[in-house]
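Input: a single structure, listed below in structure tokens.
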Amino acid sequence: MPFRKSARITIENLLPKVLRSFYYQIDYVLTDVPEDRAYLHTLWHRSNPLPYGEVYTLADNIHGMGHYVGTYIARSVNSTGWWGEGEIKFYIDGDSQWPTICGTGTEDYFGGAWNFEHPKGNYGIYSTSFLGLPQVIKPDGLYHSQQRFGMYRWHILDPIRFKDNLRITMQAIGWANPVWEEKRYLPLKDDIASTVFWYQAEPHTPFGKTFTVQDVEII
């Protein structure tokens, strides 16, 4: 996280209770930073629930020159059945209807396949240097409602570069049940939250909104 003149790190307690204890560690090096060095930016977003038929927006209104380096998604599935057919799309430098990069499915983007399914009929949890599905909370059964997932992917070896602007979306679709009777996609109304990471040259577009405890509360 390069900085040229100063750096300030804060944490905010959104609850009415007083925070009794808090531990932190910050490591840094004071050194010269070239004028053309990009700054790290992050953006958190949540749709709870995502309106029916809409795509989830991870980032929009990013203007400037930089490269995208990471995605984390927390998803609570509010329906039964498989939920991860949605494609992630990167609209780069003026793309309108068609994105420069279009994925092949949610589980593919995060390094999984075949519904993240383990041979024993469960979700296969995994964590690697650049992608993973390390968190699964679910009731009994592979495709029951109210399952929660945490997924990440770091674009370190494959940064996505942009010169002017960037917008990122992900479809929220699964399979209609039962798939053997009518094989069609099903738009989902899930609780989806994300944090995205990118480097860009300043200035950046103001993010605007601040958050309350109701925005981040797990329901």
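For the range 77-152, run through the chymotrypsin sites (Phe, Trp or Tyr not before Pro) and keep only the ones in DSSP coil with at most 15 other Cβ atoms within 10 Å of their Cβ.
PHE130
Would you mind telling me which residue in GLU202, GLU107, GLU12 has the biggest mean-square fluctuation in a Gaussian network model of the chain, where springs connect alpha carbons within a distance under 10 angstrom?
Of GLU202, GLU107, GLU12, the Gaussian network model singles out GLU12 as fluctuating most.
What Rg and what Dmax come out for the range 156-219 when only alpha-carbon atoms are used, in angstroms?
Reported Rg and Dmax, both Å: 17.9, 53.
Chymotrypsin sites (Phe, Trp or Tyr not before Pro) within the range 186-216: which are DSSP loop residues with at most 15 other Cβ atoms inside 10 Å?
Filter output for the range 186-216: PHE207, PHE211.
Could you tell me the largest-minus-smallest coordinate of the C-alpha atoms of the range 74-215 on each of the three principal axes, in descending order and whole angstroms?
49, 34, 32
Which is the longest stretch in the chain that no exposed loop site breaks, taking sites as trypsin sites (Lys or Arg not before Pro) with a DSSP loop state and at most 10 other Cβ atoms within 10 Å?
21-119
Per DSSP H run of at least 4 residues, take -39500 (n - 2.57); add these up for the chain, divide by its residues and hand me the 222 nm value, nearest 500 deg cm²/dmol.
Result for the chain: -500 deg cm²/dmol, rounded to the nearest 500.
Please identify, among PRO34, PRO134, PRO187, the residue showing maximal mean-square fluctuation in a Gaussian network model of the chain using a 10 angstrom Cα cutoff.
PRO34
Using a 1.4 angstrom probe, figure out how much accessible area the range 1-61 has per residue, in square angstrom, rounded to the nearest whole.
91 Å²
Express in whole angstrom the spacing between the alpha-carbon centres of the range 131-151 and the range 63-92.
If we compute the Cα centre of each part, the gap is 16 Å.
Below 30 Å, Cα to Cα, which lysines can LYS138 reach? Residues fewer than 8 away in the same chain don't count.
Once the sequence-local lysines are set aside, what remains near LYS138 is LYS17, LYS89, LYS120, LYS183, LYS189.
By the scheme Lys and Arg +1, Asp and Glu -1, what is the net charge of all other residues having a beta-carbon under 13 Å from that of LEU43?
Net of charged neighbours comes to +2.
The values are calculated or read from the model by the stated rules, or taken from the named source; none is laboratory data. This is a predicted model, so every value here is computed, not measured. With ideal geometry, Cβ positions are generated from the backbone for all residues, glycine too; neighbour counts draw on all protein chains shown. Note: accessible area is taken over every heavy atom of the protein model, side chains too, but ligands, DNA and RNA are not part of it. Shrake-Rupley method; radii C 1.70, N 1.55, O 1.52, S 1.80 Å.
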